[in-house]
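The values are calculated or read from the model by the stated rules, or taken from the named source; none is laboratory data. Remember, it's a predicted structure, so these values are computed and weren't measured experimentally. Note that each Cβ is placed from the backbone with ideal geometry, even for glycine, and that neighbours are counted across all protein chains shown.
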Amino acid sequence: MRVAIDAHRLVYEPHTSGATYLTALLEGWRELGLVDHFVLLLPGEAPGSPAVEGFETVSADSGSDPSSSLRRQLFWNQVLLPRLVRRTGADVFFSPFHLTPIAVRGPVVTTIHDLCFLNDPAGRGRLVHRLYLESALRRATRTIVVSAFTREQLASFRPRAVESSRCIYNAVTSKTLSDQEADRVLEAARFETGEPFIVWIGSFSPRKNPRLAKSVGDHLPLRTVAVVPHGHADRAGEWFGAENVLVGLTPAHRDALLRKARLLLAPSACEGFGYPVAESMRQGCPVVTLHGGATAELLGGLVPSADTSERSMIETCEQVLGSTAEQRDDLARSLIARSNDLFSPRRMASDTYAVFEDATRSRR
């Protein structure tokens, strides 16, 4: 079986969750020895990109970044991608995001990460994303959803679409660090680890609940370290203090920080999966999140969750922080074990490949 994949985010948006998702899949297929079954479709050449190493690539030679404008994105999805798929002679086309060309021939598999944008009044491009989603669901032979929560969202939006969907958790590629390894990484980065701290990872999108994170952190006896993307440093400095803000961390620094943190604050109102939660679990760091969403689902009841009130969040954090050293060690081992079991690149890659096989059988 030959599978063509829209891989433009690996090159043009490498720090997005979409690129993280595909990077983990490629790692899993390498482990499984399935590299020869895939061809990565790109708008332009990707010289030296480690993410695509070892995989066949086919380029449209357009050289333009699809994410730079709506017009270029539409041109890439609806014009260039169908041409590239025909050129490769692929048996299946895989869109790792809900951006699916209408004119692609043959079976199509699309991943739906979340539908949170439908209920986000402050979300830009909400109508455009809705149109993309409608188009993807009409064209897809099979869909992949990344959590039971996303499947519930999909069932509310288009009940019949659930029939052709399969839930496959995302994977994280990081390895569990020892305390000594984490100390060395943070010391090299000149981050002071002597004082106990908690971590919030997010942006200032209302959906991420930064105000709740700030108010909860203010009520807790530990330092709150805010990890934010580029462009958010000034505002984060005003809220949390410039000395407590880290911007654009590398995966190694993020993992070391989570390994040493007492807990991660994750008060986001809606996530389809929640990479910071899965990455925290991999380091044995407890996560306090909200009831009912994908982030609480990932934790599997190992850590109590809170409702959306400040008081509930504070009390839940205090409960976690008040545990004994022995209880913390036991919880860390349980979180790491669950993470290794559920968020393995090899498992995700194998399950996803099985969906491709099912999609080809359904078209025979």
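Quick look at the numbers
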read-out	value
Enumeration of residues in segment 233-263 that are farther than 17 Å from V287 by Cα, surrounded by 18 or more Cβ atoms within 10 Å (Cβ to Cβ) and in contact with a Pro (Cβ under 8 Å, 6 or more places away or on another chain)	W239
Every residue from segment 299-336 that is within 22 Å of the chain's Cα centre (by Cα) and farther than 21 Å from F273 by Cβ	A332
Segment 267-289, subset more than 22 Å from P345 (Cβ to Cβ) and touching a residue at least 24 places away in the same chain (Cβ under 8 Å), residue surrounded by the fewest Cβ atoms within 10 Å (Cβ to Cβ)	A269
Total residues in segment 186-232, condition under 21 Å from the mean Cα position of the chain (by Cα), exposed (fewer than 14 other Cβ atoms within 10 Å of the Cβ) and part of a helix (DSSP H, G or I)	1
Any chance A155 is closer than 22 Å to Y353 by Cα and not aromatic (F, W, Y)	no
Selection within segment 18-41 - crowded, with 19+ Cβ neighbours inside 10 Å, over 21 Å from the mean Cα position of the chain (by Cα) and without any contact (Cβ under 8 Å) to a residue 40 or more places away in the chain	F38
Hits in segment 298-346 - residues which are in contact (Cβ under 8 Å) with a residue 12 or more places away in the chain and not in a helix (DSSP H, G or I)	G300, L302, V303, P304, S305, A306, D307, T308, F343, S344
Extreme residue, surrounded by the most Cβ atoms within 10 Å (Cβ to Cβ), among residues of segment 3-17 that are at pLDDT below 95 and β-branched (V, I, T)	V11
Among the candidates A171, A155, A161, residue that is under 30 Å from S362 (Cα atoms), outside any helix (DSSP H, G or I) and touching a helix residue (DSSP H, G or I) at 6+ places or on another chain (Cβ under 7 Å)	A171
Qualifying residue in segment 249-265 (condition: outside any helix (DSSP H, G or I), within 25 Å of R333 (Cα to Cα) and of a type in the set (G, A, S))	yes
Among (1) crowded, with 20+ Cβ neighbours inside 10 Å; (2) without any contact (Cβ under 8 Å) to a residue 40 or more places away in the chain, the one test that A349 misses	(2)
Selection from segment 101-132 of residues that are under 28 Å from L299 (Cα atoms) and modelled with pLDDT of 90 or more	V109, T110, T111, I112, H113, D114, L115
Residue among G63, G54, G48 that alone is small (G, A, S), in contact with a helix residue (DSSP H, G or I) (Cβ under 8 Å, 6 or more places away or on another chain), at pLDDT below 90 and surrounded by fewer than 20 Cβ atoms within 10 Å (Cβ to Cβ)	G54
Counted residues, segment 100-121 - those being farther than 10 Å from Q153 by Cβ, charged (D, E, K, R) and either surrounded by 22 or more Cβ atoms within 10 Å (Cβ to Cβ) or touching a residue at least 60 places away in the same chain (Cβ under 8 Å) (or both)	1
Output for segment 73-100, where each listed residue is part of a loop (DSSP other than H, G, I, E, B), in contact with a strand residue (DSSP E or B) (Cβ under 8 Å, 6 or more places away or on another chain) and not aliphatic (A, V, I, L, M)	D91, P96, F97, H98, T100
All positions within segment 331-364 that are of a type in the set (G, A, S) and touching a Pro at 6+ places or on another chain (Cβ under 6 Å)	A359
